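Below: one structure, written as C-alpha cells.
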Amino acid sequence: MKKIMETLNRTRLSQLISRRSDEDLLARQVDALFGTLSDIYGADKLVLRASKLEILPLMRSNQLEERVWALQRLVLHGPAPQKPPAAKEIPEILNEIEDEIAGIIARRSVEDKLEKLVADKMQERHEEYMREIKMQVLKETGGPENAQTLKRLAQLEKMNNVTLARSAMEMLRPQQLNEVVGQERAVQAILSKLASPYPQHILCYGPPGVGKTTAARLAFQAAKSRTVTPFPDEAPFVEVDGTTLRWDPREVTNPLLGSVHDPIYQGARRDLADTGIPEPKLGLVSEAHSGVLFIDEIGEMDPMLLNKLLKVLEDKRVSFDSAYYDPLDPNVPQWIKKIFDEGAPADFILVGATTRGPGELNPALRSRCAEIFFEPLTPADIKDIIENAGQRLEVSLEAGVADLIAEYTIEGRKAVNLLADAYGLALFRREETEGLEKEAHSKAGSTESSKSGAMTSDGKAPIIGVTCDDVLEVLRTARLSPYVTRKGEHKAETGRIFGLGVAGFVGSVLEIEAVAFPANGEGKGHIRFNDTAGSMAKDSVFNAASVFRRLSGKELADFDLHVNVVGGGNIDGPSAGLAIFLSVYSAIQEIPLWQDVAVTGEISLRGGVKAVGGIFEKIYGARQAGIRRVLIPKENEKDVPSGLTGIEVIPVETVDEALALIQSGPAIVSAEQAS
C-alpha cells in the first residue's frame, strides 16, 4: 500500500511539472504575441487602444487566462468574449490569434508597398505638373529668355546692323533682261519656254560666267508678268548648286526631295516623339512648288539622286514612308496623315545649268527638257559689259581699258571682277596720294585743309579714274595670260594656216604650219608630224598626201615634209584635215595663204570636204581671234548661226573650192592690198 501511494505521488508530481512547463511555454508565446503587436502598432498606440477597450489590467495580469482574454479582445474580430477562456482552450485560441496577426502583417506589408508606389507616382506627377506650370509662367512672362540669351540676341542684332558694302558682283549683276549682254538668242529661248501656258523644263549649256543663272532668274520674273503664264505672283525661284547637294541613301536626310524624322533615332518634334509619330520634312522640290527649281551645275549631281528627281518630275509629288507611321493611329495629325497617304505636292519647272557637254548628261534628263545653248562672249560683248559696269561703279575708264580686259577673258563675271580689282587699286593709290599731300602740308606748317583733293566743288566725291596701268597691275598680280594668243592678220604667208578646234563650249584657232624641202633622192623623202597631235591628225596627213598627188601630180615621198601644230595641241578628230592639206599644198607649191582666213573640215581621199562638229563654237572662236572669213563643209551649212555679224562664213564642197578662196594672187599680195 505504501508503494502504491509513492507511485501515485510521483505520477502527480510529474503531471504537475508537465503542466507547469506547458503554462510557461504558453506564457512565453503570449508575451511574444504582445511584443509583435507592439511592433505593429507601436507601444503608445497599443496602450491607447487597450485603454479604449478597458483591458489594460488584463494585459498586466499574472493570470495567463486573463492575458489571453486581452489578446482576444485586441486581435480577434467579432463579439468580445465575456470571460477569460478555460485553460484547455488557450492553445487553440493562441493559434487563432497567431493567424490573425500574420494576416495583419501581410496586409501591412502590401499596404506599405502600395503606399510607396502611390507616393512615387504622386511625386512624378507633381514634378511634371511643376514643369508645366514653370513653362506656362515663362511663356506668360516673356518666354525662355534670360540675361544670357538676351545678351546673345543683342550681339546678333549688332552684327546685323554692321555690314560691308555690297560685293561688285551683287551691284553689277544685271537687273533686267535687256542688260544681259551677248545672249539675246538664249534669253529669248528661255523666255519663250517659260512665258507659255505650258512651260517646259529647261537645260542651259554654256561656259561659266556667261549669264546662265542671271538669265534664268530674270526670265522667270518677266514670265510671271505675262498674261499667258501659269505662274502665280508669289511663285518662288529656288536656287541650289548641284555640286553641294548631299543626301543619305537610307533617306535619313535629303534636302532636295525631303525626308522623315523618326521619333526614336532622329528626334521628331517632342509632341510627336512622345506619341511615336514620325515627322516628315519637306525638301526643295516642295518649296519650289508652283515656281522654278534652278539647279546650277546639274551635271555634277549624284546619279541616283538625279533619277529620284526625274521620278518627282513625272509624278509632280514626293512620296514619304516610315516604319513608325500607323494610318490607324488617332493621334496622327491630319497634315502628317495627308503627306504619308497622298505625298507632298512638287509641281515645278526645272531649270538646270551646266558647263558639261550634252553627251555627258543623263539621257533621261535630256529627254524631259528643252535644251538651250549660251554663246561664248566675244570681245565686243566683254567691252559692253565693262563699259556698263564702269557706269554703275561711277568710274571713268581710260581709253583702252575695256579692250585690254577683253583680251584676257571671255567670261563676263571674270571681266567685272578684273574691273572691280582695278577700281580698288585706283582708289588705294588715290588715298595714298592724298595721305602724302596731307603729310607734306603738315610739315610745311600749312593751316589750309588738305581735303580739297578729296571733294569736288559741288561737295561730291570725285570720280575715280581707272587706267590701263591699273588693269595691267591687276593682271600681273593674278598671273593671267591673254585668252587669244593667235590672231588673224590681213596678210599672206606660205605654208601657214589657221584651223579651228573646240574645247567644251569654246572654239579656238589652231595654228598649223608646214615646210618642205626636196629629198636627197626620188622617193626618199620623210614626213614628220607632232606626236602630241594625235593619231587621227596623222591620218589626215596621209589623206592629204593622196589628195595632193591627185591635184598636183607630185609625190610627197619626193620631199622632206615637216608639219607642226604650234603649241603642241592634241587634235581630237579629223576636222583639221582640210587645214593640214592646205598648209602642205602651200608649202610645196609655194602658194601664199591669207592669214585672216580659217578652215575646218575632214577631207576624203577624192578631195571632198566632209562635215565636222562644233561649227557654232568654231565660228565664234574664229571671230574672237580676228578672223574675217571661215571655210566650212557644205554639209554643215545648216549649223551656221543666224544673224551672224563681223565674220564671213563660206561653205565648200571640195579642196579646189577652198584653195580658190584662201590663196592670194600676185596682185593681192602687194603691200597696198595687204593693208
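Which residues, taken from segment 393-403, are within 19 Å of residue 179 (Cβ to Cβ) and surrounded by 15 or more Cβ atoms within 10 Å (Cβ to Cβ)?
So the first thing to find is which residues in segment 393-403 are within 19 Å of residue 179 (Cβ to Cβ), and the list is 393-395, 397, 402.
Selection gives 393, 395, 397, 402.
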- Given the residues 453, 465, 435, which is the only one that is over 37 Å from the mean Cα position of the chain (by Cα), outside any helix (DSSP H, G or I) and either at pLDDT 85 or above or in the same structural domain as residue 399 (by TED's automatic domain parsing) (or both)? 465
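Just give me the residues in segment 639-661 being more than 20 Å from residue 376 (Cα to Cα) and not in a helix (DSSP H, G or I), in sequence order. Break it down stepwise before answering.
Going residue by residue through segment 639-661, those that are more than 20 Å from residue 376 (Cα to Cα) are 650-661.
Within segment 639-661, 650, 651, 652, 653, 654 meet the criteria.
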- Query: Just to be sure, is residue 621 among the small types (Gly, Ala, Ser), modelled with pLDDT under 90 and out of contact with any helix residue (DSSP H, G or I) (no Cβ under 7 Å at 6 or more places or on another chain)?
  - Reply: yes
- Cβ pairs under 6 Å, 6+ apart or interchain, first in segment 42-70 and more than 13 Å from residue 31 (Cα to Cα), second polar (S, T, N, Q), ordered by first then second residue, are 46/38
- Could you run through segment 547-566 and say how many residues are among the small types (Gly, Ala, Ser) and either modelled with pLDDT of 85 or more or closer than 22 Å to residue 492 by Cβ (or both)? 1
- Query: Do we find that residue 338 is in the same structural domain as residue 283 (by TED's automatic domain parsing), under 26 Å from the mean Cα position of the chain (by Cα) and of a type in the set (D, E, K, R) in this structure?
  - Reply: no
- Note on the structure: Those residues of segment 359-382 which are surrounded by 15 or more Cβ atoms within 10 Å (Cβ to Cβ), in a helix (DSSP H, G or I) and modelled with pLDDT under 90 amount to 379, 380, 381, 382
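Given the criteria modelled with pLDDT under 80 and assigned by TED's automatic domain parsing to the domain that holds residue 33, does residue 63 qualify? So that I can check it myself, show each step before the final result.
On the way: modelled with pLDDT under 80: no; assigned by TED's automatic domain parsing to the domain that holds residue 33: yes.
No: the conditions fail for residue 63.
The rows are residues; the columns are (1) under 25 Å from residue 232 (Cβ atoms); (2) assigned to a helix (DSSP H, G or I); (3) modelled with pLDDT of 85 or more.
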position: 246; (1), (2), (3): no, no, no
position: 267; (1), (2), (3): no, no, no
position: 280; (1), (2), (3): yes, no, yes
position: 338; (1), (2), (3): yes, yes, yes
- Query: Restricting to segment 314-331, what's the tally of residues that are aliphatic (A, V, I, L, M) and part of a strand (DSSP E or B)?
  - Reply: 1
- Would you check if there is a residue in segment 296-312 being among the acidic types (Asp, Glu) and part of a helix (DSSP H, G or I)? yes
- Within segment 628-653, residues modelled with pLDDT under 90 and in contact with an Asp or Glu (Cβ under 9 Å, 6 or more places away or on another chain) come out as 628, 641, 643
- Identify, please: which residue in segment 573-621 is aromatic (Phe, Trp, Tyr) and within 46 Å of the chain's Cα centre (by Cα) and is, among those, surrounded by the fewest Cβ atoms within 10 Å (Cβ to Cβ)? 616
- Would you say residue 160 is polar (S, T, N, Q), assigned to a helix (DSSP H, G or I) and at pLDDT 80 or above? no
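Filter segment 325-342 down to the residues that are buried (at least 18 other Cβ atoms within 10 Å of the Cβ) and either among the hydroxyl-bearing types (Ser, Thr, Tyr) or under 25 Å from residue 310 (Cα atoms) (or both) and list them by number.
Within segment 325-342, the first condition is being buried (at least 18 other Cβ atoms within 10 Å of the Cβ), and the residues that meet it are 325, 332, 336, 339-340.
325, 336, 339, 340 - these are the residues of segment 325-342 that are buried (at least 18 other Cβ atoms within 10 Å of the Cβ) and either among the hydroxyl-bearing types (Ser, Thr, Tyr) or under 25 Å from residue 310 (Cα atoms) (or both).
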- Query: Which members of segment 622-638 meet the condition of being part of a helix (DSSP H, G or I) and buried (at least 19 other Cβ atoms within 10 Å of the Cβ)?
  - Reply: 622, 623, 624, 636
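The values are calculated or read from the model by the stated rules, or taken from the named source; none is laboratory data. Because the structure is a prediction, the values reported are computed rather than measured. With ideal geometry, Cβ positions are generated from the backbone for all residues, glycine too; neighbour counts draw on all protein chains shown.
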